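The values are calculated or read from the model by the stated rules, or taken from the named source; none is laboratory data. The model shown is predicted, which means the values in this text are computed figures rather than measured ones. No Cβ is skipped: glycine too gets one built from the backbone with ideal geometry, and neighbour counts run over all protein chains shown.
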């Protein structure tokens, strides 16, 4: 064991208290951005490693947008890796909707719950199919609950851009949603 | 206001991002424009559907353990820690994409409300924690809504709805004055079995209804919504599904009261 910096235990504790409560949020964004459960896990782990490394440069107040900003960086590297590996395009990835939902442990499922889960699966699929950068703006707002300014911080774009992307994202989702509800032929 | 402007700003209205003056301007345009009104209604409905569907993922426990395990070991001595500051981190991956036409119109400057939702959320958590310590859960102890509600009069500039949900499984235990965002705020206290639910109620200039969202902060579930000029935060350590049930029953009762 190498002698560690005297501040380290304190630093680790602060990091744990500030950053770990957002693990589900960060993982959720990663799932939507990467559309793959195990890639998302890797990205989240890398995100927390980087966050810890850069923690000394972190000056609050909003931890969540900061973590999201780091995660985006990680995800963009992953996009680049996929592209250069001539990996199948995003559209060819296994349909995430087919995977077991992770959001709740199943016990007994009343009918309303089944309906709700089916809705959630459909909506997730439609959201995942949105093009970037509209998808991330939408997920940050609707699912991760960030304010416009926090989204602007996280994605490094002006608030006006965030607003127009969000309007576009919702318009695209709405038409996809309506198409979904039409009887398929 | 033109329809083009309203088309963007109605989203900010739905999201509660407009200050009161501009919210009124958008509402005025919408009152006189059937097309924009239809858009607003459709998007609002979509937002509510999305809020209802649980679209979040939970991080797998194994991932959580891996990250926790990596914490103490990966603490590098400071000299080895790489240099990039937060600023660089944020700048590093700006997409370099087009600044939208909207940004150029200057609409942006008028939009943002002053509060910082996240900061207030963490104050809600602190207030909840404070209420659980030191025997200061309630200033007025009563299971009677007709005792608790008048108690707030004169103590706050707003009278929070106090609704007895005992028959629905949530026992009213009293009320309390608390402070959030440097303002006095009403807290209505309920119990579910042994668990405390604090319902914080504050006035807002924005009369727009905002559908409920559930967030988890420091292990507490918080359900946040807005209705009729009031912001609500219900916080507890009960599960998200039970807290949703609480919020839905509360909202339904408010609805019934205002109709009846």
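Laid out as a table, the results:
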quantity	calculated
Scan of the range A:26-55 for residues that are at the interface with chain B (Cβ under 7 Å from one of its Cβ atoms), touching a residue at least 12 places away in the same chain (Cβ under 8 Å) and either surrounded by fewer than 21 Cβ atoms within 10 Å (Cβ to Cβ) or touching a strand residue (DSSP E or B) at 6+ places or on another chain (Cβ under 8 Å) (or both), ordered by number	A:41, A:54
Helices (runs of 4 or more DSSP H) contained in the range B:9-115 and holding at least 1 residues at pLDDT 80 or above	B:20-31, B:34-52, B:61-73
From B:42, B:62, residue being surrounded by fewer than 17 Cβ atoms within 10 Å (Cβ to Cβ), within 9 Å of another protein chain (Cβ to nearest Cβ) and under 26 Å from the mean Cα position of the chain (by Cα)	B:42
Of all residues making up the range A:56-73, the number that are farther than 16 Å from residue A:32 by Cα and facing chain B (nearest Cβ under 7 Å)	8
Residues of the range B:186-241 satisfying the condition of being closer than 20 Å to residue A:142 by Cα, in contact with a strand residue (DSSP E or B) (Cβ under 6 Å, 6 or more places away or on another chain) and surrounded by fewer than 18 Cβ atoms within 10 Å (Cβ to Cβ)	B:209, B:213
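A quick yes/no check of all residues on (1) crowded, with 17+ Cβ neighbours inside 10 Å; (2) part of a helix (DSSP H, G or I); (3) modelled with pLDDT of 90 or more:
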site	(1), (2), (3)
A:97	no, yes, no
A:112	no, yes, no
A:115	no, yes, no
A:127	yes, yes, yes
A:132	no, no, no
A:149	yes, yes, no
A:160	yes, yes, no
A:167	yes, yes, yes
A:178	no, yes, no
